[in-house]
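Asker: Take this structure first; my questions come after.
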Amino acid sequence: SPCSLFMADSPREFSPREYSPRGKDVVTLADVGDCVIVDSAWSPQSAPMPSLPFDHQPDDANRPIQTSPPYFCMLVCAVCSLVFLAEIGRNGWGFQPFVCPASCGGLPCYEDGRSCESNPLLGPRVHVMKSMGAKEDAGIFGRGEWWRIVACNWLHVGLFHLLFNMLAVLSLGFPLERRFGWWRVASLYILSGLCGTMVSVVLLPGVVSLGASASVFGLVGATWADIILNHLARGRVRESGIVGLVFITIVNLLIGLTPWVDNFMHMGGFVAGLLIGLMLFSKKHINRRLGRLSFTRLQIVIVLIGSSMFAMVSVGCIVLAVSSGARETLRECQFCARLNCVEITLFTSSPWWSCCLPVNGEGTCALELNTTTVDVFCNMTDVPSFNVPCARGEPGCMVDPEDMASVSGICQRVCSGCQR
């Protein structure tokens, strides 16, 4: 059927075949139902190219962008903040100290002799975190508390932990949701958190973990997917912002190699976010040769590859959830431990930190200093009580009973299971 052509404020009927590019005129075509709107009077010097209402990603920088309000990311920030407030409420409406001020018989304590549990991130006790849903494989597989896989993504260790993750949601999630809509980002955020938690449960057993980091790294992976699909696949590297994203990704993955971060949760969330983004974030762009919106062939291939790989990852997570044999097989991976923590000895004779991670649960530790030995008595929740003697002066056995840091260090190394 004929369509109305709007030029110079006066519409008239025309057939699309009657119009074609002439000379150096710039012609913009856009299919609208059976109509083709043609504006052969537009040129870069006259006015910006009119935006297409069904494409909310601009093909040119000078065209307006239609965006969606980031309601889901706002909800994430609000829910995480309220959940952290509930953590502090359960902790008696107070934060744990950064460092315990004294040592009582080899145990951390307050100056009045009461037992003390520190939290350098300004948060609650470990018991509070575990009771509210922290990742704990013994609870998930042993007691059937599968809700922990979801709950741990909304809890945080401390106020600083919460602020860092919410800033990441603000800087990464808000722009993605404005471009791609709430349901895509919501699907990505939740599924990335679940996948990251499953990877951590399998490859980092016995370690309590919590936080929105898996979902946040899913946003990082989705940003990579956006660049791959909508910039690199169209040959537009200069406008992609890839240099800054490479720097951010490398820095965060390196931070994950320290003993205070669950890097398996980070990497699992990143891979899931990348694959989900490759499935959902492809956008049509104006094909100036065809004069309409279309995907490139490379975009289509990438979407199919991403969809296939995410399907395999999903099946793998289900198998690991139901099969203890599959979990134990993966846990035998000797190299995998290095993906989570690396002891660095650069410029020093001893490591900057210890990659000894607690696998015996939480508990108490007491030291008995003898003339030639130090006896470490461990009363842990997940294993029977035990004691380990070590010769005074040996590496890993040097302790000053008045130095809380050295007492905590030897207790962690021995009682956690690293030196049992």
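A short reminder: the numbers here are calculations on the coordinates, not readings from a lab. Note that this is a predicted model, so its numbers are computed, not measured. Methodologically, a virtual Cβ is constructed for each residue, glycine included, from the backbone with ideal geometry; neighbour enumeration extends over all protein chains shown.
Asker: Assign one of three labels to region 294-352, namely rounded, prolate or oblate, based on the Cα gyration tensor with a ≥ b ≥ c the square roots of its eigenvalues; rounded applies when a/c is under 1.5, prolate when it is not and a/b is larger than b/c, and oblate otherwise. Numbers along the way, then the final one.
Answerer: Values: a/c = 5.74, a/b = 1.54, b/c = 3.73.
Cα axes put region 294-352 in the oblate bin.
Asker: Same structure again: Taking 0.36 nm per intervening residue step and subtracting the Cα-Cα distance, what contour gain separates Ala311 from Glu117 on full extension?
Answerer: Result: 65.5 nm gained on full extension.
Asker: I want to check the label-to-label distance for Val150 and Phe98. Put each point 7 Å from Cα in the C-beta direction and report it in nm to one decimal.
Answerer: Spacing of the two 7 Å Cα→Cβ label points: 3.8 nm.
Asker: Highest mean first, what order results for 305-312, 191-198 on Cβ atoms within 10 Å?
Answerer: Values: 305-312: 15.1, 191-198: 27.0.
Highest-to-lowest ranking by the protection proxy: 191-198, 305-312.
Asker: Can you tell me the order of 266-276, 324-334, 168-178 when each peptide is scored by its average per-residue count of other Cβ atoms within 10 angstrom, highest first?
Answerer: Taking the mean over residues of other Cβ atoms within 10 Å, the ranking is 266-276, 168-178, 324-334.
Asker: List, in order, the whole-Hz ³J(HN,Hα) value for each residue of region 274-287 obtained from phi through the Karplus relation with A = 6.51, B = -1.76, C = 1.60 and θ = phi - 60°; use x for Gly and Pro.
Answerer: After applying 6.51 cos²θ - 1.76 cosθ + 1.60, I find 4, 5, 5, x, 5, 6, 10, 9, 6, 10, 6, 9, 5, 8 Hz.
Asker: Among 85-96, 152-163, what's the highest-first ranking by average C-beta atoms within 10 angstrom per residue?
Answerer: 152-163, 85-96
Asker: Assuming R0 = 45 Å, what is the FRET efficiency of Arg297 and Arg331, from their Cβ-Cβ distance, to the nearest 0.05? Write out the running numbers ahead of the final one.
Answerer: Numbers: r = 42 Å, r/R0 = 0.93.
That pair, Arg297 with Arg331, gives E of 0.60.
Asker: Also, quick follow-up: In square nanometres and to one decimal, what's the mean projected area of the convex hull around the Cα atoms of region 261-420? Intermediate values should be presented prior to the final figure.
Answerer: Values: hull surface 61.1 nm².
Projected area, direction-averaged: 15.3 nm².
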